[in-house]
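Here the structure comes first, spelled out in structure tokens, and everything after it is commentary.
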Amino acid sequence: MKIYFLSSIPCILTVNGAYFGVTDGFSRFAEVCLSDRLFIQFTPENAQPIAFFLDENIRFTPPSGCAVYRMPDAIAIYAQAFTPTDLSLRPIAQCKGKNATATLYQQGLVYLSISHENGTFISPIDFAFERATLHEERGLFFLATVDRLAVYNQNAERLFDERVREYRTDGDRLYATLRLLDSLGRTAEGVWRMSDDGFERESYTLKQATADGGLPSGLLTYAFLESVLLGGDFLPFLDEELIQKAQRLREYLGNFIAVTPTNTPDVCALIFPKGERLFDVKYLKTTLNGDKIVDLAYILP
């Protein structure tokens, strides 16, 4: 079976102790027989390695620190949760709210600790927040960086996490402009009602960044699927006959959480969650007539 190896930071990849190459965000692959139960190790600089036996369990149980993507003809292993070798305690920020105190700190990983009369709750969080600011509003704790906002309740449960350009609160409402990594350069204006139990989205409007609203060359299929994913208006991408089937088409596509282009302009890969750090990858092909989609179907690569 073809196995792709990727890592969130550069790593030396060894197989049964032998040097295989360097991994990073660009995929490298090898033909592997899972019954051989090879010992795989990703070794980064200044962080603990991630190591595991590669066998049939990889299809169902991702190794600790890795995400696994199951494709029709291959498996991709993405090593991403590396623990730094420096385990010294480094406070980052602290905020005393009305009923609780939150502390953001790093000890290998980055953690948010929230203490109140019912106890202390600790949650590991993304390394992106190692330089975050921390403040409290309405009993919720806001962690903000230059381009990201996360909100936690007093039990250190994450209620909101988005890439944001700017945000503000007004009473129990959060207003935010989201940064969207999409092919049309769009942003989104959203409004959420805040509570201890979660954030309920009340409105969401995509904003087009390009002056003429034109599509980048060769990315019509990709932009269409992004519009479906982001909750935008995808009807302008369809021909008249498909517009009449828009609801059935949306159901056919399913609940994918990400889309990526491939080397073929009219084929994209859709990512579907199947479990904790476990995903299925399906390939969708469109048929075009000029700048309109006249048909689409899932295919084998």
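Brief remarks follow.
- Filter result for Thr43 (more than 18 Å from the chain's Cα centre (by Cα), at pLDDT 95 or above and of a type in the set (Val, Ile, Thr)): yes
- Summed over segment 18-40, the residues that are without any contact (Cβ under 8 Å) to a residue 24 or more places away in the chain and either more than 27 Å from the chain's Cα centre (by Cα) or not in a strand (DSSP E or B) (or both) give a count of 10.
- The number of residues in segment 138-153 being touching a strand residue (DSSP E or B) at 6+ places or on another chain (Cβ under 6 Å) and open to solvent by 30 Å² or more (accessible area, probe 1.4 Å) comes to 2.
- Residue check, Thr221 open to solvent by less than 70 Å² (accessible area, probe 1.4 Å) and part of a strand (DSSP E or B): no
- Qualifying residue in segment 132-155 (condition: under 30 Å from Ser227 (Cα atoms), touching a residue at least 24 places away in the same chain (Cβ under 8 Å) and not hydrophobic (A, V, I, L, M, F, W, C)): yes
- Selected residue [open to solvent by less than 40 Å² (accessible area, probe 1.4 Å), within 30 Å of Thr61 (Cβ to Cβ) and touching a helix residue (DSSP H, G or I) at 6+ places or on another chain (Cβ under 9 Å)] from Phe237, Phe256, Phe272: Phe256
- Sole exception among (1) part of a loop (DSSP other than H, G, I, E, B); (2) surrounded by 17 or more Cβ atoms within 10 Å (Cβ to Cβ) for Ala67, by number: (1)
- Residue among Ile77, Ile122, Ile114 that alone is open to solvent by 40 Å² or more (accessible area, probe 1.4 Å), of a type in the set (A, V, I, L, M, F, W, C) and in a strand (DSSP E or B): Ile122
The values are calculated or read from the model by the stated rules, or taken from the named source; none is laboratory data. These numbers come from a predicted model, not from an experiment. So basically every Cβ, Gly included, is an ideal-geometry build from the backbone, and we count neighbours across all protein chains shown. Heavy atoms of the whole protein, side chains included, go into the accessibility calculation; ligands, DNA and RNA do not. Shrake-Rupley method; radii C 1.70, N 1.55, O 1.52, S 1.80 Å.
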